[in-house]
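Asks: Below is the structure I would like to discuss, written out as C-alpha cells.
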Amino acid sequence: MNKHKHKQAILERKNREKDQRIQTILEAAKKLFFSKGYQKTTMDDIALEAQISKPTVYQHFATKDELYSHLMLPFLEEFGRQFETIEHKLSNRKYLTGRDLVKNLFKIFVRSYEKAPDSLRVANTFFQHRDLIDQLNPESRSILSNRGKYDFEIGRRIIDEAIAQGLFKKINGYALSDIIWAMFLGITQVMDMKAMKQTLPNKYLKNTLTIAEKLLTDAIVLK
C-alpha cells in the first residue's frame, strides 16, 4: 500500500470512529432525555451513559441544547419531507379517495415510530411541554420552533386541499390537523406508558392505530 492510500485508509477509519462516537452520544442522550427528562439530564449523565469522556462529548456538542437540536431537527425535517410528498401528490390530484389520503398520513406516523421510537418519544415531550422549549437557547429554540410550525402548516394545507377537492367533509382544517397530530402522539404515549408496566405485543400499537385510522376515516372522508 503506497503512502497516499495508507493516509486515506487512516482518514476513513478516523471518520468512521468519529461518526460512531457521535451516534453513541446521540443514542445515550435520547435514552436519558426520555427517561429522566431534558432538564434533569446533564452532560455528565450523557457521557456516563455513552461510556465516553465528557471532554469528548463536548468536542462534538458544545452544549446540551445543541445536542437536543441535533436529535430533534432531522426527525422534524423527515416529517416535513414526507408531508411535502403527500402535498405534491394531492396538488396534482393523484388521490382518488380521501380514504387513501388518510392511510398515507397514518403511514408517515407509523413509519416514524417504527424507524426511530426514541426520537418520537423525545419529540412528544417537545410538542407537549412549552417550558422545555423555553429552556433552550434562543438559536436552538428558534430553529426547532420554526421547523415544528412548518410541519404543522403543511399538515393543515393538506387538510384544506383535501376539503377543497371534496375528499374530506367541510371541517375546520386547523382543528382537524391538530386532532390528527394529537391522536397519534397521544396513542403512542399511552402505549409507552403501558409498556413500562407490562410487555405488549409488537402488533398492539399497529392494531390500535388501525382502529384510530378507521374511526377518523369514517368521521371525515366524503369519498
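Just so it is clear, none of the values below were taken in a lab; they were calculated from the coordinates. Every value quoted in this text rests on a predicted model; they were computed, and no experiment measured them. Cβ coordinates were reconstructed from backbone atoms using ideal geometry, including for glycine residues, and neighbour counts include every protein chain displayed.
Asks: Counting only residues 5 or more places away or on other chains, whose amide H sits under 5 Å from the amide H of Thr42 once H atoms are built in the peptide plane?
Replies: Amide H to amide H, under 5 Å and 5 or more residues apart or across chains, Thr42 pairs with nothing.
Asks: OK, next. Distance check, please: which entries in Lys170/Lys206; Lys31/Lys206; Lys30/Lys115; Lys30/Lys103; Lys94/Lys170 exceed 25 angstrom between their Cα atoms?
Replies: Lys170/Lys206; Lys30/Lys103
Asks: Tell me which residues come under 5 Å, amide H to amide H, from Phe168 once H is placed; ignore anything under 5 positions away on its chain.
Replies: Ile163, Leu222
Asks: Would you order Tyr38, Tyr204 from fewest to most other beta-carbon atoms within 10 Å of each residue's own beta-carbon?
Replies: Details: Tyr38 21, Tyr204 13.
If I rank by nearby Cβ atoms, fewest first, I get Tyr204, Tyr38.
Asks: Still on this structure: Most exposed first by the Cβ proxy, i.e. fewest other Cβ within 10 Å, how do Leu96, Leu222 rank? Don't jump to the answer; show the numbers that get you there.
Replies: Working: Leu96 10, Leu222 14.
Placing the least packed residue first, the sequence is Leu96, Leu222.
Asks: Mind jotting down the distance between the C-alpha centroids of segment 21-48 and segment 162-178, whole Å?
Replies: One Cα centre to the other: 40 Å.
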